[in-house]
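Beneath this line is the structure, given in structure tokens, with notes to follow.
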Amino acid sequence: MGLTRPTTHRILGVLVAEGIVEQRQNSRRYVIGEQIPLLALSRRTRDPLLDIVSPHLRAAVGEFGDTGFFTRRVGLETVCVARELGTYPIQALVRDVGERRPLGVSNAGIAILSGMQTDAARDVLAKNRSRLSPYGVSTEAILREVAMARAKGGFAARASSLIPGASPVSVTIRSSCGAAQGALTITPIPRRLSPKRTDEIVARLCMHAQAIEYELRKAAAPRPPRSSLEKGSP
């Protein structure tokens with residue numbers, strides 16, 4: 001490319017910091033980072049994960065009329081990979097597809113952290129400590145919210161979001177191996193979120209999350225070998 005070694009190293013340093021490139025510790029070689037597959041999640045062609053999640057997200061939004069989101073954990077961040085608009089005249093558009101935030105800042109991040117082991121959640125927040133201050137939150141405050149969400153069975157609800165005018169409710173989604181992988185969120189405006197309605201939203205989101213997890217486990221299960229008759233053998 002005609003770049004000097006210092007310039008190349010500086011560019012790669014930025015790409016590593018953004019997760020676009022990774023550097024292997026043993027060989028020191030550079031490889032594609034975890035953010036590259038993530039970019040594919042927002043492409044126009046379908047993704048198998050979104051094929052599973054999208055019908056449930058649309059159903060949840062249809063039931064309540066408020067905007068819904070599917071958020072994934074990617075390393076130390078959460079990324080919004082799907083958004084569905086509701087039918088209520090006022091919608092809380094708190095995130096755009098592709099938007100990234102440090103894990104623990106958003107309500108979805110609280111739900112995801114609550115599905116992780118306590119030590120693992122603390123480790124994530126320790127690594128994100130320097131990135132939390134611009135959002136006006138602290139590690140201690142996040143840990144308190146995570147403890148509350150864990151005590152409630154893996155859902156997080158905030159009376160107010162990072163964006164004024166939103167009261168998000170999020171439940172954890174686990175991968176086929178049981179790891180906290182993402183969160184489903186419904187985001188009503190505050191005057192539409194009473195304690196009773198919160199319980200209703202949580203119940204329905206949990207139902208959809210369980211259905212998604214079942215489909216993920218089913219998709220990951222090994223298929224039985226084909227019999228000789230199926231293969232066309234005599």
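Go ahead and estimate [θ] at 222 nm for the chain from helices alone: -39,500 (n - 2.57) per DSSP H run with n ≥ 4, summed, over the residue count, rounded to 500.
It lands at -13500 deg cm²/dmol.
Please report the orientation-averaged projected area of the range 85-141, defined via the convex hull of its C-alpha atoms, in nm².
About 5.1 nm², averaged over all directions.
Find the Cα radius of gyration of the chain, compare it with 2.2 N^0.38 Å by division, and give the number to two decimals.
1.15
Hey, could you pull the Cα Rg and Dmax for the range 1-135, both in Å?
Rg, Dmax (Cα atoms, Å): 17.9, 57.
Can you tell me the convex hull volume per residue for the range 82-177, based on C-alpha atoms, in Å³ to the nearest whole number?
123
Quick one, could you list the DSSP H helices from the chain stretching 27 Å or more along their long axis (Cα atoms) with average Kyte-Doolittle hydropathy of -1.0 or above?
Passing helices, by number: 195-220.
Provide the convex hull volume over Cα atoms per residue for the range 104-234, in Å³.
Hull volume normalised by residue count: 140 Å³.
Relative to the Cα centre, what is the charge dipole magnitude of the range 102-234, using +1 at the beta carbon of each Lys and Arg, -1 at the beta carbon of each Asp and Glu, and rounding to the nearest 20 debye?
Roughly 140 debye for the range 102-234.
Quick one: which residues, 5+ away or cross-chain, put their amide H under 5 Å from the amide H of Gly75? H built at 1.01 Å from N.
none
Provide the net charge surrounding Ile201, with neighbours chosen by a C-beta distance below 9 Å and charges set as Lys +1, Arg +1, Asp -1, Glu -1.
-2
Calculate the dipole size of the chain relative to its Cα centre from +1 charges on Lys and Arg beta carbons and -1 charges on Asp and Glu beta carbons; express the result in debye to the nearest 20.
400
In terms of the ratio Rg/(2.2 N^0.38 Å) built on C-alpha atoms, what value belongs to the range 140-216?
1.12
Assuming R0 = 25 Å, can you tell me the calculated FRET efficiency for the pair Val31 and Arg10, based on Cβ-Cβ distance, to the nearest 0.05?
The calculated FRET efficiency here is 0.85.
Among Ala203, Thr8, Thr78, whose Cα projects farthest towards the positive end of the dipole of the chain, with charges put on the beta-carbon of Lys, Arg (+1) and Asp, Glu (-1)?
Thr8
Count the lysine pairs in the chain whose Cα atoms sit under 30 Å apart, keeping only pairs 8 or more residues apart in sequence or on different chains.
So the count of such lysine pairs works out to 4.
No value in this document is a laboratory result; all are computed from the given coordinates. All values derive from a computational prediction rather than experimental measurement. Cβ atoms come from the backbone with ideal geometry, glycine included; neighbour counts cover every protein chain shown.
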